[in-house]
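The values are calculated or read from the model by the stated rules, or taken from the named source; none is laboratory data. Owing to the predicted nature of the structure, the values given are computational and were not obtained by experimental measurement. Counting neighbours? That spans all protein chains shown, and the Cβs are built from the backbone with ideal geometry, glycine included. Just so you know, the surface numbers come from the protein's heavy atoms only, side chains and all, with ligands and any DNA or RNA stripped out. Shrake-Rupley method; radii C 1.70, N 1.55, O 1.52, S 1.80 Å.
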Amino acid sequence: MQASPSDGRLWQDTWPEGTRRRVYARDEGNTDASTFLLNFPPGYARPQELEYLRHNPRGRFEYHTCHEELFVLNGVFKFDDWYEIKNFGYFNHPPYWLHPAHQHAPEGVDLFIKNSAPVDFLYADIPPDWDRTEYLADGYPHVTRSRPVTGVEMADIPWEPVLDPDGAPTGMEGKHLWDDLDGGWTTWLMRVPAGWTGTGPAAATPGGDEFLVLEGDLTLDRGASMTLGPMGYLCDPETFVYPGAGTGSEAGCLAVRWTRGDPLGLPTLRF
């Protein structure tokens, strides 16, 4: 785990001493998009926002030019006193999405984050009559067609069967979280029971597949067999491999999954 700003601008100046980060993927030399696990220690708060609140008790909004997708894996992540996202929670912010800038975690928190570029910080006043509904900042090019997600708790979404291309159950269950209408990716939660295996041969098609195993184990057949344990990660941005008989789980598995160009029948979005 990284604990210092050794890679310059990718380490945010709002992260205090005691913050730790594990980088899973980075688009070096291009967009600097990054995928990482972030741990804030107990008592985390942003010094800049604490100082701002001394003179402006209402606080302020912040927004970024990058796209940000985030999972709360452990703990509670608070946005001032406006709202909080508990373990296990999710949000998805397009560029220029306004949200409270004062973020804190009294007991500490583990976050899994995907940023499309390094985070920059822009600010705006919180209107006196704000009703806690977040929105896009005015005056900027809102180029994405995808919907934002302010905060969802996974327990509020039912598990539903994931189907094969013929409409038959695959043995996987899913929770459909978000569709990237521009890039074609879908974010969903996947669960399989102990002893689960796919069926038939593994079939590779153009697309993409990305896994973050949260609990249990997942063995994948991608030409060669590989097994991911808790917090194990795999990203293939060019190929989706249908889960054949070489894919399975001995103890069962809970994973976040991102897919593109896949033939699976996922549950319908419910929020």
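Numbers for the structure displayed
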item	result
The stretch 130-155 residues that are closer than 21 Å to Gly89 by Cβ and part of a loop (DSSP other than H, G, I, E, B), paired with ones that are of a type in the set (Val, Ile, Thr) and open to solvent by less than 70 Å² (accessible area, probe 1.4 Å) (beta carbon under 7 Å, 6 or more apart)	Glu134/Thr150
Failed criterion for Val149 (all others in (1) open to solvent by 20 Å² or more (accessible area, probe 1.4 Å); (2) of a type in the set (A, V, I, L, M, F, W, C); (3) over 16 Å from Gly265 (Cα atoms) hold)	(1)
Wholly within the stretch 180-249, strands (runs of 3 or more DSSP E) carrying at least 2 residues that are farther than 24 Å from Val152 by Cα and not β-branched (Val, Ile, Thr)	203-206, 218-221, 225-228, 233-236, 239-242
Pro127, sole failed condition from (1) in contact (Cβ under 8 Å) with a residue 40 or more places away in the chain; (2) on the phi < 0 side of the Ramachandran plot; (3) in a loop (DSSP other than H, G, I, E, B)	(1)
Hey, Gly207 surrounded by 13 or more Cβ atoms within 10 Å (Cβ to Cβ) and under 20 Å from Pro237 (Cα atoms) or not	yes
Residues satisfying the stated conditions in the stretch 210-238, i.e. open to solvent by less than 40 Å² (accessible area, probe 1.4 Å) and of a type in the set (S, T, N, Q)	Thr219
Filter pass, Glu134 being open to solvent by 60 Å² or more (accessible area, probe 1.4 Å), in contact with a strand residue (DSSP E or B) (Cβ under 9 Å, 6 or more places away or on another chain) and within 22 Å of Leu53 (Cα to Cα)	no
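Yes/no matrix, rows are residues, columns are (1) surrounded by fewer than 18 Cβ atoms within 10 Å (Cβ to Cβ); (2) out of contact with any Phe, Trp or Tyr (no Cβ under 8 Å at 6 or more places or on another chain):
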residue	(1), (2)
Leu111	no, no
Ala117	no, yes
Ala124	yes, no
Pro127	yes, yes
Asp138	yes, yes
Glu160	yes, yes
Met172	no, no
